[in-house]
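**Q** I'd like to ask some things about the structure below.
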Amino acid sequence: MSLKGKLAVITGSNSGIGLGAARELARAGADVVLNSFTDREEDHALASGLAAEFGISARYIAADMSKGDDCRALIEKAGGCDILVNNAGIQHVATIEDFPVEKWNAILAINLSSAFHTTAAALPGMKAKGWGRIVNIASAHGLTASPYKSAYVAAKHGVVGLTKVTALEVAGQGITANAICPGYVLTPLVEAQIPDQMKAHDMDRETVIREVMLLRQPSRQFATVEQIGGTAVYLCSDAAAQVTGTTISVDGGWTAL
Ligand code: NAD
């Protein structure tokens, strides 16, 4: 499977799943654009590292995915893209009554609206080429719910809906749109939830991982960023040319329960 000559833009890709997806797409031969809002030296170094490791071209473009104009500017600065991975995301855990309004707004903006803006900016170029792949990183929480994650669950269900609409609007034009729905993947985003969960459940780290976080993941194993990235590569392959408007769960059986 070669993605040589394709340019992939991956939002929120200086860590976790985004970086894992960028690595797997680069391994498959795609040129990549990494993104976050931080614009540090080490962000640019990540891109040069990928270029050296996989013999592809890679660069880092800073853009804040909470801002619509920044989302659209990212695609413009990249010069359009063949593959768009909408991955940037944040989380906050609280009851609905205690959920800070600014957190709700930020989660909806970064986890959902950013995908609307980047997709709108990327589609004209994809249509002109008659080829494109949009891979939205949703979540098991795009298909099912958990308490205390109102904004995240609402945003991820929204991503699944946006994915379906995107697929329908471009059906038959060589462009597909799909959502990957990971269960728990041990990344900085999940790591940051562990102390809160330990406090909420009065449990130690290992117990809270097994008995709370992975309780609904029947494999009781975290998925890996390589597995999510590999699924993105599959969705970019010719074998997946008729896979569109759907979700692929990588969740150890969570949504089979
Ligand atoms: P992470 O915290 O490691 O990565 C999040 C990425 O988003 C980082 O690169 C960060 O820089 C970027 N980001 C955050 N705010 C941004 C902003 N305003 N502008 C630009 N970039 C921004 O988390 P992760 O676990 O790798 O999560 C990546 C995606 O996968 C998220 O959409 C998340 O909801 C989804 N997901 C994660 C899991 C999991 O278990 N880790 C499960 C299902 C879905």
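**Q** Does residue 208 fit the bill of being assigned to a helix (DSSP H, G or I), β-branched (Val, Ile, Thr), without any contact (Cβ under 8 Å) to a residue 24 or more places away in the chain and open to solvent by less than 70 Å² (accessible area, probe 1.4 Å)?
**A** Values: assigned to a helix (DSSP H, G or I): yes; β-branched (Val, Ile, Thr): yes; without any contact (Cβ under 8 Å) to a residue 24 or more places away in the chain: yes; open to solvent by less than 70 Å² (accessible area, probe 1.4 Å): yes.
The answer is yes for residue 208.
**Q** If I go through region 85-133 residue by residue, how many of them are part of a loop (DSSP other than H, G, I, E, B) and aliphatic (A, V, I, L, M)? I'd like the intermediate steps shown before the answer.
**A** Of all residues in region 85-133, those part of a loop (DSSP other than H, G, I, E, B) come to 87-93, 95-100, 130-131.
Then keep just the ones that are aliphatic (A, V, I, L, M); that gives 88, 90, 93, 96.
Going through region 85-133 one residue at a time, the tally reaches 4.
**Q** List, please: which pairs have Cβ atoms under 7 Å, are six or more places apart or on different chains, and start with a residue in region 58-79 that is over 14 Å from residue 10 (Cα atoms) and end with one that is within 12 Å of the ligand (Cβ to nearest atom) and among the hydroxyl-bearing types (Ser, Thr, Tyr)?
**A** 68/113
**Q** Give me the residue from region 211-238 that is part of a helix (DSSP H, G or I) and away from the ligand (no atom under 14 Å from the Cβ) and, out of that set, surrounded by the fewest Cβ atoms within 10 Å (Cβ to Cβ).
**A** Taking region 211-238 first, the residues part of a helix (DSSP H, G or I) are 211-213, 225-235, 238.
From the residues that got through so far, the ones that are away from the ligand (no atom under 14 Å from the Cβ) too are 211, 230, 233-235, 238.
Values: 211: 12, 230: 18, 233: 22, 234: 18, 235: 24, 238: 7.
My answer is 238.
**Q** Does region 162-176 hold any residues that are away from the ligand (no atom under 16 Å from the Cβ) and touching a Gly at 6+ places or on another chain (Cβ under 9 Å), and which are they? Even if it seems obvious, please write down each step before you answer.
**A** The initial filter retains those residues of region 162-176 that are away from the ligand (no atom under 16 Å from the Cβ), namely 164-176.
Within region 162-176, 164, 165, 166, 167, 168, 170, 171, 173, 174, 175, 176 qualify.
**Q** Another question, if that's okay. Looking only at region 23-31, decide whether some residue is more than 19 Å from residue 228 (Cα to Cα), at pLDDT 95 or above and more than 13 Å from the ligand (Cβ to nearest atom).
**A** no
**Q** For region 154-204, give me the residue count where each residue is assigned to a helix (DSSP H, G or I), β-branched (Val, Ile, Thr) and modelled with pLDDT under 95.
**A** Here is the first cut: in region 154-204, the residues assigned to a helix (DSSP H, G or I) are 154-170, 188-191, 194-201.
From what is left, the residues that are β-branched (Val, Ile, Thr) are 159-160, 163, 165-166, 170, 190, 194.
If we keep only those that are modelled with pLDDT under 95 as well, we get 190, 194.
Here the count works out to 2.
Quick grid of which residues meet (1) among the hydroxyl-bearing types (Ser, Thr, Tyr); (2) modelled with pLDDT of 95 or more; (3) open to solvent by 20 Å² or more (accessible area, probe 1.4 Å):
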position	(1), (2), (3)
34	no, yes, no
48	yes, yes, yes
51	no, yes, yes
61	no, yes, no
84	no, yes, no
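**Q** Would you call residue 16 open to solvent by 10 Å² or more (accessible area, probe 1.4 Å) and within 9 Å of the ligand (Cβ to nearest atom)?
**A** Numbers: open to solvent by 10 Å² or more (accessible area, probe 1.4 Å): yes; within 9 Å of the ligand (Cβ to nearest atom): yes.
The answer is yes for residue 16.
**Q** Taking region 122-153 on its own, how many of its residues are within 13 Å of the ligand (Cβ to nearest atom) and surrounded by fewer than 18 Cβ atoms within 10 Å (Cβ to Cβ)?
**A** To start, the set of residues in region 122-153 that are within 13 Å of the ligand (Cβ to nearest atom) comprises 135-144, 146, 149, 151-153.
Still in the list and also surrounded by fewer than 18 Cβ atoms within 10 Å (Cβ to Cβ): 144, 146.
Count: 2.
**Q** Now for a separate question. Determine whether residue 196 is outside the structural domain of residue 95 (by TED's automatic domain parsing) and either open to solvent by less than 70 Å² (accessible area, probe 1.4 Å) or not polar (S, T, N, Q) (or both). Step through it out loud before you land on a result.
**A** Details: outside the structural domain of residue 95 (by TED's automatic domain parsing): yes; either open to solvent by less than 70 Å² (accessible area, probe 1.4 Å) or not polar (S, T, N, Q) (or both): yes.
It is true that residue 196 is outside the structural domain of residue 95 (by TED's automatic domain parsing) and either open to solvent by less than 70 Å² (accessible area, probe 1.4 Å) or not polar (S, T, N, Q) (or both).
**Q** Has region 158-170 got any residue that is open to solvent by 40 Å² or more (accessible area, probe 1.4 Å) and either among the hydroxyl-bearing types (Ser, Thr, Tyr) or not assigned by TED's automatic domain parsing to the domain that holds residue 37 (or both)? Before the answer, list the steps.
**A** From region 158-170, those open to solvent by 40 Å² or more (accessible area, probe 1.4 Å) are 164-165, 168-169; that's our starting set.
Next cut, either among the hydroxyl-bearing types (Ser, Thr, Tyr) or not assigned by TED's automatic domain parsing to the domain that holds residue 37 (or both) only: none.
Within region 158-170 (the criterion being open to solvent by 40 Å² or more (accessible area, probe 1.4 Å) and either among the hydroxyl-bearing types (Ser, Thr, Tyr) or not assigned by TED's automatic domain parsing to the domain that holds residue 37 (or both)), the answer is no, since none of the residues qualifies.
The values are calculated or read from the model by the stated rules, or taken from the named source; none is laboratory data. The structure displayed is predicted, hence computed values, not measured ones. Cβ: placed from backbone, ideal geometry, glycine included. Neighbour counts: every protein chain shown. The area values use the complete protein model at the heavy-atom level, side chains included, leaving out ligands, DNA and RNA. Shrake-Rupley method; radii C 1.70, N 1.55, O 1.52, S 1.80 Å.
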